[in-house]
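Okay, structure first, notes after.
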Amino acid sequence: MDASVKQVNTALQEYSDKDWNYSRISLVTRPLDGFGSPYILRLEILDLKTKQGRTDLKTLSDEVKWGDRHASELGMLEVVSLRINKALLEATSDEYWQFKRPVVRIAKREALAGKQDINAIWYQITEVAGEDFDNR
């Protein structure tokens, strides 16, 4: 999982600070033990070489568009996952992912409870300021 998170974070660096509204989001992993939130993030991989994968990608694209218009109706974790998915869609191609595109989804923490040495995926927001602005 850590390698997948690093790969997603590398791809997210391609999304400009301006498009992030100067609040860059990245993924982090944390031990599930002691994790207080009832929800976590998870990575789902869409196989774009299959019809189902392409259909799921179209659905994701529609979700992101809907989320842009209705962000005020969503919880913070939903907004974060939609923003990450939007950045991945806009900053990378299917070829970049070798047609195995990652998607960030929300999952119930309890689905992983009881498994040992499990890490949860969460988000980190870094405010970009001053000379760090990237106006690509």
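The values are calculated or read from the model by the stated rules, or taken from the named source; none is laboratory data. All values reported here derive from a predicted model rather than from experimental measurement. Reconstructed Cβ throughout: ideal geometry from the backbone, glycine too, with neighbour counts over all protein chains shown. The protein model used for the area step is the full one, side chains on, heavy atoms only, and it has no ligands, DNA or RNA in it. Shrake-Rupley method; radii C 1.70, N 1.55, O 1.52, S 1.80 Å.
Taking each of K18/K49; K6/K49; K18/K108; K49/K108 in turn, the alpha-carbon distance tops 25 angstrom for K18/K49; K18/K108; K49/K108.
Solvent-accessible surface of the chain, averaged per residue with a 1.4 angstrom probe and all protein chains in place: 61 square angstrom.
Quick check: net charge around L48, other residues with Cβ under 12 Å of its Cβ, Lys/Arg +1 and Asp/Glu -1?
Net charge in that neighbourhood comes out at +2.
Residue ranges 21-30, 71-80 sort as 21-30, 71-80 when ordered by packing (mean number of other C-beta atoms within 10 Å per residue, highest first).
Estimated from the Cβ-Cβ distance and a Förster radius of 25 angstrom, the FRET efficiency linking R54 and R109 is about 0.25. The charge dipole of region 1-105, taken about its Cα centre with unit charges on the Cβ of Lys, Arg, Asp and Glu (plus for the first two, minus for the last two), comes to roughly 140 debye. With the Cα gyration tensor of the chain giving a ≥ b ≥ c as the square roots of its eigenvalues, does the rule (a/c under 1.5 for rounded; else a/b larger than b/c for prolate; else oblate) give rounded, prolate or oblate? It is rounded, given that a/c, with a ≥ b ≥ c, falls under 1.5.
Taking every eigenvalue of the Cα gyration tensor of region 52-109, multiplying by 5 and rooting it, what semi-axes result, largest first, whole Å?
21, 12, 11
Residues within the reach of a label modelled at S16 (point 7 angstrom out along Cα to beta-carbon, backbone nitrogen below 16 Å), restricted to region 74-90, are 87-88, 90. Our note on the geometry: Cα centres of region 44-64 and region 67-109, 12 Å apart. From its DSSP helices (H runs of at least four residues, each -39,500 (n - 2.57)), the chain gives a residue-normalised ellipticity at 222 nm of -11000 deg cm²/dmol. Mind checking which of S93, L112, V128 is farthest towards the positive end of the chain's charge dipole, using Cβ charges of +1 (Lys, Arg) and -1 (Asp, Glu) about the Cα centre? Working it through, the farthest residue towards the positive pole turns out to be L112.
Need one word for region 2-52: rounded, prolate or oblate. Basis is the Cα gyration tensor (sqrt eigenvalues a ≥ b ≥ c); a/c below 1.5 gives rounded, then a/b vs b/c decides. In terms of gyration-tensor shape, oblate. Measuring nothing but protein heavy atoms, the accessible surface of region 1-134 at 1.4 Å probe radius is 48 percent carbon and sulfur.
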